[in-house]
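Student: Here it is: the structure, laid out below.
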Amino acid sequence: MFVEETIAKYEKYVNPAQARLFRFMGLACVESQAEGWIVTDSTGRKFIDCLGGYGMFALGHRHPKVVEAVENVLHTMPMCGKVLLNRPLADLSEELARITPGALQYSFFVNSGTEAVEGCLKLARLATKRTKFVAAANAFHGKTMGSLTATGRDLYRDPFKPLLEGFTHVPYGDLQAMEAAITEETAAVILEPIQGEGGIIIPPAGYLKQVEELCHARGALLIADEVQTGIGRTGKWFGVDHEAVQPDLMACAKALGGGVMPIGAIIGTPAAWQGLIEAPFLHTSTFGGNEMACAAGVAAIKAIEEEDLLRRSTETGAYFKAGLEAIQKEFPKVIREIRGRGMMMGIDLTKEGAGGMLMALMIDKSIIVAYTLNNPKVIRIEPPLIMPKEVVDYVLEQFRDAVKQTAEAIEDL
């Protein structure tokens with residue numbers, strides 16, 4: 001009864017199409033409680049979370065150190081008054097300056113990844129006095145107007161045109177196309193270190209570093225969109241760290257809140273921040289930088305260090321990926337390729353319809369996965385970094401069975 005009442009409220013007050021989709025995908029369950037890598041619904045059914053809130057739950061659900069930090073602030077000063085100084089905000093800014101690469105130093109806090117991208121675009125224009133941007137085809141940077149303009153899929157863009165002017169999209173990983181696109185009018189290039197929603201696409205070795213050099217040679221800034229790749233997801237603090245890239249601006253969110261609070265961050269070098277230093281109130285946010293969110297961010301960074309999760313992300317991710325690759329070799333008619341770095345993996349399927357089938361089969365086995373927004377043929381695997389190898393073994397066993405069923409269905413078509 002509780003589930004049916006919830007679905008009825010979705011149909012009447014949220015979105016009837018969304019309610020139908022939940023039913024169709026076998027997701028007519030109401031989440032009730034979560035801890036670690038387990039999500040429990042209102043009937044007591046337990047799911048293994050291999051989606052991780054699209055990368056948000058790097059520390060898993062309700063990590064005790066993050067919950068404790070937020071509870072402490074909740075009982076003293078939960079929200080920022082915006083007039084006096086905010087110690088958790090200062091502490092998190094210091095922590096981000098410490099773990100981010102290069103000369104990144106200053107932070108401004110918002111509530112989401114798309115807001116962080118919007119802020120980076122504004123600051124790039126302010127710093128360079130230029131108005132044009134270069135982004136990648138198939139990119140995903142968010143769905144507010146500026147970030148949507150940078151996003152590289154027409155499915156999300158076309159209903160809202162005309163979008164912002166001055167954006168050029170080039171193939172991801174194509175250095176020659178990038179070189180041709182950056183001009184004396186380019187304020188910044190914005191790139192994901194790994195295209196997440198694009199299908200877990202890793203660029204050619206050296207590409208990001210070469211783009212950084214191109215930008216600086218031509219007076220443009222490099223914006224790294226680390227919303228999905230940041231805070232340990234790929235086995236390093238940030239995706240750009242794999243090539244020692246030093247961006248001028250960085251957008252960060254998702255895992256920064258420790259899976260407990262929503263928070264996004266715009267992080268920049270002194271040069272990129274100069275316009276905001278001269279006029280600090282050109283960009284503001286009522287809720288951004290509140291004490292609870294910033295306390296969660298500080299606790300998340302400390303927990304990752306204390307529990308050695310960068311190493312665990314690398315090692316468990318490699319173990320998980322090797323298991324998926326073995327399944328791919330066994331069923332090449334279903335799986336074309338396995339891609340990934342750390343605990344961010346993509347399963348590239350041979351047929352688009354296989355994505356929905358595999359997702360439904362895994363949900364039926366009480367394992368949460370989903371396909372990427374820009375590429376329905378790619379199933380994403382982004383579990384908590386804390387997931388033990390014995391749980392990975394179980395997931396691989398169930399996934400192999402689901403792929404076998406999918407292979408048999410494809411043969412029958």
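Student: In the range 397-411, how many residues are open to solvent by 20 Å² or more (accessible area, probe 1.4 Å) and either within 25 Å of the chain's Cα centre (by Cα) or under 26 Å from H63 (Cβ atoms) (or both)?
Tutor: 1
Student: Would you mind stating whether V14 is under 26 Å from the mean Cα position of the chain (by Cα) and within 25 Å of A253 (Cα to Cα)?
Tutor: Details: under 26 Å from the mean Cα position of the chain (by Cα): yes; within 25 Å of A253 (Cα to Cα): no.
The answer is no for V14.
Student: Please pick out the residue among G258, G268 that is open to solvent by less than 20 Å² (accessible area, probe 1.4 Å), farther than 26 Å from I386 by Cα and under 20 Å from the mean Cα position of the chain (by Cα).
Tutor: Exactly one of G258, G268 is open to solvent by less than 20 Å² (accessible area, probe 1.4 Å), farther than 26 Å from I386 by Cα and under 20 Å from the mean Cα position of the chain (by Cα), namely G268.
Student: Any idea which residue in the range 365-392 is modelled with the highest pLDDT, counting only those that are within 25 Å of V30 (Cβ to Cβ), open to solvent by 30 Å² or more (accessible area, probe 1.4 Å) and in a loop (DSSP other than H, G, I, E, B)?
Tutor: Here the residue is K365.
Student: Counting only residues that are assigned to a helix (DSSP H, G or I) and surrounded by 15 or more Cβ atoms within 10 Å (Cβ to Cβ), how many does the range 303-314 have? Spell out how you get there, then give the answer.
Tutor: Let us first name the residues in the range 303-314 that are assigned to a helix (DSSP H, G or I), namely 303-306, 309-314.
Narrowing the set further to residues that are surrounded by 15 or more Cβ atoms within 10 Å (Cβ to Cβ) leaves 303-304, 309-310, 312-314.
Of the residues in the range 303-314, 7 are assigned to a helix (DSSP H, G or I) and surrounded by 15 or more Cβ atoms within 10 Å (Cβ to Cβ).
Student: One residue is enough: does the range 357-364 have a residue meeting the conditions under 22 Å from F47 (Cα atoms), at pLDDT 95 or above, out of contact with any helix residue (DSSP H, G or I) (no Cβ under 9 Å at 6 or more places or on another chain) and crowded, with 18+ Cβ neighbours inside 10 Å?
Tutor: No.
Student: Turning to a different aspect of this structure: Is it the case that some residue within the range 133-146 is open to solvent by less than 30 Å² (accessible area, probe 1.4 Å), over 16 Å from A224 (Cα atoms) and touching a residue at least 12 places away in the same chain (Cβ under 8 Å)?
Tutor: no
Student: Now a separate question. Which residue pairs have Cβ atoms closer than 6 Å, lie 6 or more positions apart in sequence or on different chains, and pair a first residue in the range 332-358 that is in a helix (DSSP H, G or I) with a second residue that is modelled with pLDDT under 95 and open to solvent by 10 Å² or more (accessible area, probe 1.4 Å)?
Tutor: The qualifying pairs are E352/P376; E352/K377; G355/Y371; G355/P376; G355/K377.
Student: Still on this structure, I have one more. Checking T40 against (1) more than 23 Å from R311 (Cβ to Cβ); (2) touching a residue at least 12 places away in the same chain (Cβ under 8 Å), which test does it fail?
Tutor: So T40 meets the others, but not (2).
Student: Shifting gears a bit: Scan (1) surrounded by fewer than 13 Cβ atoms within 10 Å (Cβ to Cβ); (2) without any contact (Cβ under 8 Å) to a residue 24 or more places away in the chain for the single condition R45 breaks and write down its number.
Tutor: (2)
Student: Could you give me the residue pairs with C-beta distances under 6 Å whose first residue belongs to the range 183-210 and is at positive phi, whose second residue is assigned to a loop (DSSP other than H, G, I, E, B) and open to solvent by less than 10 Å² (accessible area, probe 1.4 Å) wherever it lies, and which are 6+ apart or on separate chains?
Tutor: Correct list of pairs: G199/T372.
Student: Just checking: which of the strands (runs of 3 or more DSSP E) contained wholly in the range 157-270 hold 2 or more residues that are in contact with a Gly (Cβ under 8 Å, 6 or more places away or on another chain), of a type in the set (K, R) and closer than 28 Å to R380 by Cα?
Tutor: none
The values are calculated or read from the model by the stated rules, or taken from the named source; none is laboratory data. The model shown is predicted, which means the values in this text are computed figures rather than measured ones. Glycine also receives a Cβ, built like all others from the backbone with ideal geometry; neighbour counts cover every protein chain displayed. Just the protein is used for accessible areas: all its heavy atoms, side chains included, with ligands, DNA and RNA removed. Shrake-Rupley method; radii C 1.70, N 1.55, O 1.52, S 1.80 Å.
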